[in-house]
Amino acid sequence: VLVVAEVASEVTLDCGSGPQKITPPVFRETGTGWFLDENGWLITNGHVVQPAHEPPRWLANQQAQRAVTTACLPQMLKRMGIQQGDAPEREEAAKRKLLDTVLPTTKVNLQPQIFVVTAKGRLKAEVKKYSPPVSEMSAKDLALLKVDGDPFPVLPLADSRSVQVGDPVHILGFPGVVLSHELLNESAMVEASVTNGAVSGFKQDRNGNTVASWSA
């Protein structure tokens, strides 16, 4: 299934004429997951759900900057007698000044949610177990999710200890570029792409965990 982590936001700011609320475009992260149990338990990567499960500080700052630029910059350029795009250097200087003066008092209310998209529709998902993306600290980059609904088709986990170099690999998933391509319709959200390859080797990460590589 397609796993989607969305973070909507409501930004309260003051361009100089009183408080107003702005809704910047929704931040969205997508990835692939599969059901381990017919009762709605599924697994995906930790980094897929991280923006909604643990919204990073940079995301709130990014949304605040977008709101300030959208709401305040056109007014400021109009007062300066500048059309957007006519004087890039002056426009950039005006933008920096706005961010310096308006951003410190801006308030951001993040509204995260996680859902999966199946052939039967969109289902709200809840994170039950979570390990953050792999970094210098020990982590597995996995998330266990739970959704409600009818019995789901299951893809059981195999024993990775039996995998050998040269074994065939079939990768099923939802590439981000496919989901956002302007020439594709909504069916791309429920039809996974398939890539074939083979296990090419085994390595160790910094924490001593085995990592398998594969080639197409």
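Accessible area of W41 (1.4 Å probe, protein heavy atoms only, ligands and nucleic acids ignored): about 90 Å².
When the chain is fully extended, how far beyond the present Cα-Cα distance does T69 get from V199, taking 0.36 nm per residue of separation? The partial results should precede the final answer.
Details: separation 130, 0.36 × 130 = 46.80 nm, distance 4.76 nm.
Additional length available on full extension: 42.0 nm.
Shown here: Rg and Dmax of the Cα atoms in Å, derived from the displayed model; of the candidates [x] 16.6, 49; [y] 15.8, 45; [z] 22.2, 70, it corresponds to [z].
Counting only protein heavy atoms and using a 1.4 Å probe, the accessible area of F174 comes to about 20 Å².
Determine the shape class of the stretch 110-159: with a ≥ b ≥ c the square roots of the Cα gyration tensor eigenvalues, call it rounded for a/c under 1.5, and otherwise prolate if a/b is greater than b/c, oblate otherwise. Provide the component values of the computation, followed by the final result.
Numbers: a/c = 2.96, a/b = 1.38, b/c = 2.15.
Cα axes put the stretch 110-159 in the oblate bin.
Close Lys pairs in the chain, defined as Cα atoms under 29 Å apart and 8 or more places apart or on different chains, number 22. The loop-placed GluC sites (Glu not before Pro) in the stretch 1-79, going by DSSP, that have at most 16 neighbouring Cβ atoms within 10 Å of their Cβ come out as E38.
Pick from G173, G40, G85: which is most flexible by mean-square fluctuation in a GNM of the chain where alpha carbon atoms under 10 Å apart are linked? Comparing G173, G40, G85 in the GNM, the peak value goes to G85.
I'd like to know how the stretch 42-138 sits against the 2.2 N^0.38 Å rule of thumb: what's its Cα Rg over that expected value?
Details: Rg = 19.5 Å, N = 97, 2.2 N^0.38 = 12.5 Å.
Cα-based Rg divided by the globular estimate yields 1.56.
Multiplying the residue separation of D148 and T23 by 0.36 nm and subtracting their alpha-carbon distance yields 42.0 nm.
From helices alone, the chain scores -7500 deg cm²/dmol at 222 nm; the rule is -39500 (n - 2.57) for each run of n ≥ 4 DSSP H residues, then divide by the residue total. Relative to a virtual label point 7 Å from the Cα of R122 in the Cα→beta-carbon direction, which members of the stretch 13-41 show backbone nitrogen distances below 19 Å? Residues 23-33 fall inside that zone.
Can you tell me the relative contact order of the chain? Whole percent, Cα pairs under 8 Å, sequence separation 6 or more.
24
Comparing V26, N207, P151 along the charge dipole axis of the chain, the residue lying farthest to the positive side is V26, per the Cβ-charge model.
Heavy atoms only, probe 1.4 Å: what % of the accessible area of the chain goes to carbon and sulfur, would you let me know?
Working: 7190 of 13770 Å².
Accessible surface attributable to carbon and sulfur in the chain totals 52 percent.
Taking label positions 7 Å along the Cα-Cβ direction at both H170 and D14, the computed distance is 6.1 nm, reported to one decimal. Estimated at 0.36 nm per residue, the fully extended path between A192 and R206 surpasses their Cα-Cα distance by 1.8 nm.
Counting only Cβ charges, +1 for Lys and Arg and -1 for Asp and Glu, the dipole size of the stretch 1-130 around its Cα centre is about 240 debye. Size of the stretch 1-102: Rg and Dmax of its alpha carbons, in Å, are 19.0, 62.
The stretch 1-59 and the stretch 71-126 have Cα centres spaced 16 Å apart. Protein heavy-atom accessible surface, 1.4 Å probe, per residue over the chain: 64 Å².
Using +1 at the Cβ of each Lys and Arg and -1 at the Cβ of each Asp and Glu in the chain, identify which of P88, L2, S131 lies farthest towards the dipole's positive end. Of the options given, the answer is P88.
How much FRET efficiency would the formula 1/(1 + (r/R0)^6) give for R96 and D141, where r is the Cβ-Cβ distance and R0 is 35 Å, rounded to 0.05?
Working: r = 36 Å, r/R0 = 1.04.
So, using R0 = 35 Å, E works out to roughly 0.45.
Sparse packing (at most 14 other Cβ atoms within 10 Å of the Cβ) combined with a DSSP loop state is found for the following trypsin sites (Lys or Arg not before Pro) in the stretch 36-129: K120.
Under 10 Å, Cα contacts only: if you run a Gaussian network model on the chain, which one of P88, P133, P74 comes out with the highest mean-square fluctuation? Among P88, P133, P74, the largest mean-square fluctuation in the Gaussian network model of the chain belongs to P88. Along the stretch 84-93 the Karplus relation, 6.51 cos²θ - 1.76 cosθ + 1.60 evaluated at θ = phi - 60°, assigns HN-Hα couplings of 4, x, 7, 9, x, 5, 5, 5, 5, 5 Hz to successive residues, with x for each Gly and Pro.
The values are calculated or read from the model by the stated rules, or taken from the named source; none is laboratory data. What you see is a predicted model, and the numbers here were worked out from it, not measured in a lab. Backbone-built Cβ (ideal geometry, glycine too); neighbour counts: all protein chains shown. Calculation scope for accessible area: heavy atoms of the full protein, side chains included, ligands and nucleic acids excluded. Shrake-Rupley method; radii C 1.70, N 1.55, O 1.52, S 1.80 Å.
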